[in-house]
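First up is the structure itself, then whatever we jot down about it.
Read the figures in this text as sums done on the coordinates, not as results from a lab. Quick caveat, the model's predicted, so the values are computed rather than measured. We place every Cβ from the backbone using ideal geometry, glycine too, and count neighbours over all the protein chains shown.
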Amino acid sequence: MDKGKKVIFSAVQPSGALTLGNYLGAVKNWIDFQDKYKCIFALADLHTITVRQNPEEFHKNTIELYALFLACGVDPDKSTFFIQSHVHTHSELAWILNCYTQFGELSRMTQFKDKSRKYSGNINVGLFTYPSLMAADILLYNADLIPVGEDQRQHVELTRDIAQRFNSIYGQTFTLPESFIPKAGARVMSLQKPDSKMSKSDENANASVFLLDRPEDILKKFKRAVTDSNSEVRFNHEQKTGINNLINIYSAVTDKTIDEVEKEFEGRGYGTFKTSVAQAVIEKLRPIQDEFKKYMSDIVYLEEKYKKADKTALEISEEVLNEVKKKVGFVI
Ligand code: TRP
C-alpha cells in the first residue's frame, strides 16, 4: 500500500435511494477525498440484511447505488470501491472480532437500541453484532480516518476499543481509526420539518429530494417547502428555520457564500427564491442523472469495475486477516 497517504475507509448501505442530504453531506466529500487520501469505499450490503429486505429491491438498489456513486464522481481508477459481500475477509474477521467484543459493549450501542425499537419484530443477532462487522470493515484496511455522520460515531469508538484490546493481547496489529467529521458538507434538513435531518426513509414524499428525482418533482418539492411567515431571504442565526435550510442548500450547490445568497435575493420574496433553489438543484443533479443512465446501460462496465475493486480489497485485507489468524494461534 502507498504508505505516504492516510487511508480513508467509508461505506454506505444499499438500502434505498440517496437524498440530496446524503449527497451534500457525505458523497461530495468522498469525491474530494480522492486526491488527498488513499480511499477505500464499500457498499455495506452485509449490514443491510440486518433489516429484512425484499430480494429484488435489494439487488436493484445495490447495482444502482454502485452506478450512482460513479455518476457522482467516485473514480474507480483512483479509489477502491467494492462490494462488501464479495470480499469474504469481512465476515471472517467479523466473527473473530465477535470473540473480542463484550456483550455489554454491544448492548450499549444506541443504534442497536433504536433499531430494536423500530424493528421490534426482528431483533436478530446480526443487528446486535452489526458494530463488530463494521469494526472488521475498518480494521482490515488499517484505516486512519473514517468519515461518518454523528449516528455512526459510537461504532467507530467501539472499533478503537476492540482494536486496542486486540493489540494489547497480541501486540501491535491494528491501526486505531479516528472518526472524521469533515467541516465542509452541508447538513440538509427535511423540506417539511426543517428541524430534523432530511432522511431517505421519510414517510412524507415532499420532505426529501432524491438524486434521481425528475426535475418537475424537484421543483414541486421546493415550492412546497415549509418556510416561516417572513418573506425576506435572510439567514436566521437564532432559530433553525426552513429558510436557513434553503439558503444552505442553495449555497452548497452553487458554491456561493450565505452573504452572497442574501444579496442576490435582496428584495425578492420566498417564492422566487424557492424556484431558484429548485433550478440550481436541478442543474446540479442533471449531469449526475445523465451519467447514471449511461452507467446503468452498461452493466458489463460496472461489473468490470467492482470486480477489479473486490480483488484489490481482498488482496489488502487478506494480509491483515492472516496476521490476525496467526496471532490468535490458528493453524494456517
Ligand atoms: N453502518 C454505516 C451506515 O449505515 C455503514 C458502514 C458499514 C460503515 N461499515 C462501515 C461506515 C465502516 C464507516 C465505516 O452508515
>> If ARG165 satisfies all but one of (1) closer than 23 Å to LYS311 by Cα; (2) of a type outside the set (Val, Ile, Thr); (3) away from the ligand (no atom under 14 Å from the Cβ), what's the number of the condition it fails?
In response: (1)
>> Of the residues TYR66, TYR23, TYR37, only one is among the aromatic types (Phe, Trp, Tyr), touching a Lys or Arg at 6+ places or on another chain (Cβ under 7 Å) and within 16 Å of the ligand (Cβ to nearest atom); which?
In response: TYR37
>> Scan region 291-309 and tell me whether some residue there is under 30 Å from VAL261 (Cα atoms) and either surrounded by fewer than 17 Cβ atoms within 10 Å (Cβ to Cβ) or of a type in the set (Ser, Thr, Tyr) (or both).
In response: yes
>> Take residues that are out of contact with any Leu (no Cβ under 7 Å at 6 or more places or on another chain) and within 11 Å of the ligand (Cβ to nearest atom) and tell me which of the helices (runs of 4 or more DSSP H) falling wholly in region 103-160 contain 1 or more.
In response: 110-118, 125-139
>> Here are the criteria: (1) out of contact with any Cys (no Cβ under 8 Å at 6 or more places or on another chain); (2) surrounded by fewer than 19 Cβ atoms within 10 Å (Cβ to Cβ). Tell me which single one ALA42 does not satisfy.
In response: (2)
> Quick check: anything in region 49-60 within 15 Å of the chain's Cα centre (by Cα), away from the ligand (no atom under 14 Å from the Cβ) and either within 26 Å of GLN154 (Cα to Cα) or surrounded by 21 or more Cβ atoms within 10 Å (Cβ to Cβ) (or both)?
Replying inline: no
> Looking at TYR119, TYR130, TYR66, which is the one that is in contact with a strand residue (DSSP E or B) (Cβ under 9 Å, 6 or more places away or on another chain) and more than 19 Å from GLU323 (Cβ to Cβ)?
Replying inline: TYR66
> Going through region 231-274 one residue at a time, which ones are in a helix (DSSP H, G or I), basic (Lys, Arg) and in contact with a helix residue (DSSP H, G or I) (Cβ under 7 Å, 6 or more places away or on another chain)?
Replying inline: LYS274
> Does region 9-24 hold any residues that are more than 19 Å from LYS78 (Cα to Cα) and among the aromatic types (Phe, Trp, Tyr), and which are they?
Replying inline: TYR23
> Taking region 280-300 on its own, how many of its residues are within 20 Å of PHE235 (Cβ to Cβ) and either outside any helix (DSSP H, G or I) or in contact (Cβ under 8 Å) with a residue 40 or more places away in the chain (or both)?
Replying inline: 1
>> On the basis of being basic (Lys, Arg), away from the ligand (no atom under 13 Å from the Cβ) and closer than 20 Å to LYS311 by Cα, does LYS28 make the cut?
In response: no
